[in-house]
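Q: Shown below is the structure under consideration.
The values are calculated or read from the model by the stated rules, or taken from the named source; none is laboratory data. Small disclaimer: the values here were computed from a predicted structure and weren't measured. Keep in mind that these areas ignore ligands, DNA and RNA; they rest on the heavy atoms of the full protein, side chains included. Shrake-Rupley method; radii C 1.70, N 1.55, O 1.52, S 1.80 Å.
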Amino acid sequence: MSSADVVWGGQWEHPACGASGEDMWEDETTVHSGHDCGRDGAVAWSAEWRWHGCGDECDDQFEDDSPVYADHECEDEDEEVAA
């Protein structure tokens, strides 16, 4: 599976100042909101990923400047038929 097979999309929010935004990125990427108001507190992300090969998807939450991985192993349809 290549990282291009998985697409992420999500929203970020900085509760200390109320700023927010959204973005999309490929799997195995370190997400960065680009927000720097100088106030304390972490920027929080709420995002989901979708794998194009099988359509699986999941959501996750993490802090800004975090590397994100779908950690998805898609089963081959031939293996499912054999089982």
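Q: Of all the accessible heavy-atom surface of the chain, with the other protein chains kept in place and a 1.4 Å probe, what percent is carbon and sulfur? Walk me through the numbers on the way to the answer.
A: Working: 2270 of 5700 Å².
Of all accessible area on the chain, carbon and sulfur atoms account for 40 percent.
Q: Multiply the residue separation of residue 42 and residue 24 by 0.36 nm, subtract the distance between their alpha-carbon atoms, and state the gained length in nm to one decimal. Kindly include the intermediate steps, with their values, before the conclusion.
A: Working: separation 18, 0.36 × 18 = 6.48 nm, distance 1.97 nm.
Between residue 42 and residue 24, full extension yields 4.5 nm more.
Q: Separate question: Would you mind getting the accessible area per residue of the chain, heavy atoms of the protein chains only, 1.4 Å probe, in Å²?
A: Details: 5700 Å² over 83 residues.
Ligands and nucleic acids excluded, the result is 69 Å² per residue.
Q: With every protein chain present, what accessible area does residue 51 have (1.4 Å probe, heavy atoms only), rounded to the nearest 10 Å²?
A: Counting only protein heavy atoms, the figure is 30 Å².
Q: Pick from 27, 65, 40 the residue whose mean-square fluctuation is largest in a GNM of the chain, springs joining Cα atoms under 10 Å.
A: Looking only at 27, 65, 40, the biggest GNM fluctuation is shown by 40.
Q: So what's the back-of-envelope 222 nm ellipticity for the chain, counting only DSSP H runs of four-plus at -39500 (n - 2.57) apiece and dividing by all residues, rounded to 500? Mind dumping the intermediate values first?
A: Numbers: 1 runs with 6 residues, N = 83.
For the chain, the value works out to -1500 deg cm²/dmol.
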